[in-house]
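Each reported figure results from applying straightforward, stated rules to the coordinates on display, with no laboratory input. The shown structure was predicted, so the numbers you read here are calculated from the model rather than taken from an experiment. Note: ideal-geometry Cβ built from the backbone for every residue, glycine included; neighbour counts use all protein chains shown.
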Protein chains: 2
Amino acid sequence: MSTGNFKHDLFSQFARVAKALSNGHRLELLEFLAQGERSVDALAQVSGLTVANTSQHLQQLRQTGLVINRKAGHKVYYRLSGMDVSALLGSLREVAERHLADVDRLVYDYLKVKDSLEPVPAAQLLERVRDGLVTVLDVRPPEEYAAGHLPGAINIPLAELEKQLDALDPSQEVVAYCRGPHCVLAFDAVSKLRERGVKARRLDGGLPEWRLEGFPVESSST
Amino acid sequence: MSTGNFKHDLFSQFARVAKALSNGHRLELLEFLAQGERSVDALAQVSGLTVANTSQHLQQLRQTGLVINRKAGHKVYYRLSGMDVSALLGSLREVAERHLADVDRLVYDYLKVKDSLEPVPAAQLLERVRDGLVTVLDVRPPEEYAAGHLPGAINIPLAELEKQLDALDPSQEVVAYCRGPHCVLAFDAVSKLRERGVKARRLDGGLPEWRLEGFPVESSST
DNA sequence: CAATTATTCAAGGGATCTATTGAATTAATG
DNA sequence: CATTAATTCAATAGATCCCTTGAATAATTG
């Protein structure tokens, strides 16, 4: 009977994919890649890993089909192989948050205390942008903003926020977002804005989650 | 700055969950558990693993919150901790099938050749059952059927199928299902039925996927 | 063509994972 | 209360994973 072998082989393949996700550094790399395409050394910089180490992790991700790369000049650019990878990461995040007490506590301690308000659902934000009611604020680094952002969003990286407060219309509510549901940038931005008396909330999820819902994404790259 | 530590800790936790999924045997155990609650030795039997080994794998799954257990008599029964775990497994499956050439080939060689017809979507099956147009056939072992099955489905394990052909109304189309999208039982059942001249198709997905769509599940256990 | 930049390759030690074995718990049974 | 059944625990060897280091490969630049 080859059916036993088939099942075994199939599950082994699924396990390969899970194994690629079974390392914190690789998950972090994937979150960066979910913002857009990036070169190896750019990823090494933002993740704080050695270049060689980054390269090896990326190759593992590539061998399991989670990312693909292209060579341009003497740089190699990696990106997610599809939005289904973002969906998988979202599933993983959700299960971890729901069933691991450690995660729940971490999230509560570091994030929830900073923002007791409910985040704005993506669909609702879209409506309110159409009606001109809110300013959408992207607090990620400019490279990530350039690679893709919410339509009409303005980009003020967190570090610049205090200096550029006047770029915001004080009569409008601000909705801030960054890389994903657990990215601290948007939490910090919202809390800073509120201290300055600006009405601010967080988007529910970051750019990858917005994309996954099928909403339009603007790109500055020409 | 504690934000770096927070991110690191968080991704490490996500990685723990992925690590629990990074072994073929554990994935197989999870697929069995997605059918319903089962004891350790029942799982050891169907998976072909040692009892001690099965127990250790189950404990790893438990430590990452993917399964929970309850003690009854001197048996311990494990089950999935939630349907989000089924959803995560589905995501993993989908990504693997879409991006790993090996999986695509495996599935094609072992399954697609057996059933060139498109499977029936769950929603469509529900309609046709209401109209009394189809016989729903559950080809899993009786324990799994007892733990939960599609409303009105009859249970004929694959091995019994030839003997019990007369239990099927020959004028009706049969829709067969089993444990999931890659479970061979339903594929084999459909092909056997067609050889006997019975009009047969497969359900798209198994019981866990049916549940995930929010459709009703019947249970024989009293 | 030599020098530089970005990435990959190769080898190593230390840690972690897996399956096996046999003993230890725990709860039911006679 | 001794016995049995189901599960877990503990210890072990072999495999795999992770990071570091230093060299090798390509593509670009002067």
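The residue that is farthest from residue B:6 (Cα to Cα), among those in region A:9-26 that are in contact (Cβ under 8 Å) with a residue 12 or more places away in the chain and assigned to a helix (DSSP H, G or I), is A:16.
Is region A:95-107 home to any residue that is more than 16 Å from DNA strand C (Cβ to nearest atom), in a helix (DSSP H, G or I) and closer than 21 Å to residue B:97 by Cβ? Checked against the condition, which is being more than 16 Å from DNA strand C (Cβ to nearest atom), in a helix (DSSP H, G or I) and closer than 21 Å to residue B:97 by Cβ, region A:95-107 yields at least one hit. For region B:116-134, the condition of being in a loop (DSSP other than H, G, I, E, B), surrounded by 15 or more Cβ atoms within 10 Å (Cβ to Cβ) and more than 8 Å from chain A (Cβ to nearest Cβ) holds for at least one residue. Here is the figure for region B:31-47: residues that are within 16 Å of DNA strand C (Cβ to nearest atom) and either aliphatic (A, V, I, L, M) or out of contact with any helix residue (DSSP H, G or I) (no Cβ under 8 Å at 6 or more places or on another chain) (or both) total 6.
Looking only at region B:11-50, filter to residues that are more than 30 Å from residue A:90 (Cβ to Cβ) and more than 10 Å from DNA strand D (Cβ to nearest atom); which one of those is nearest to the other protein chains (Cβ to nearest Cβ)? Applying the filter and picking the extreme gives B:48.
Every condition in (1) within 16 Å of DNA strand C (Cβ to nearest atom); (2) more than 12 Å from chain B (Cβ to nearest Cβ); (3) of a type outside the set (Phe, Trp, Tyr) is met by residue A:81 except one, and the failing one is (2).
Sort out which residues of region B:78-94 are in contact with a Ser or Thr (Cβ under 7 Å, 6 or more places away or on another chain) and outside any helix (DSSP H, G or I), and write them in order of number. Within region B:78-94, B:80 is the sole residue that qualifies. Among all positions in region B:51-61, there is no residue which is surrounded by 14 or more Cβ atoms within 10 Å (Cβ to Cβ), touching a Pro at 6+ places or on another chain (Cβ under 7 Å), within 14 Å of another protein chain (Cβ to nearest Cβ) and hydrophobic (A, V, I, L, M, F, W, C). For region A:70-77, the condition holds for no residue, the condition being that it is assigned to a helix (DSSP H, G or I) and either more than 11 Å from DNA strand D (Cβ to nearest atom) or at the interface with chain B (Cβ under 8 Å from one of its Cβ atoms) (or both). Just one of the listed residues (B:194, B:201) is surrounded by 15 or more Cβ atoms within 10 Å (Cβ to Cβ) and not in a helix (DSSP H, G or I), and it is B:201.
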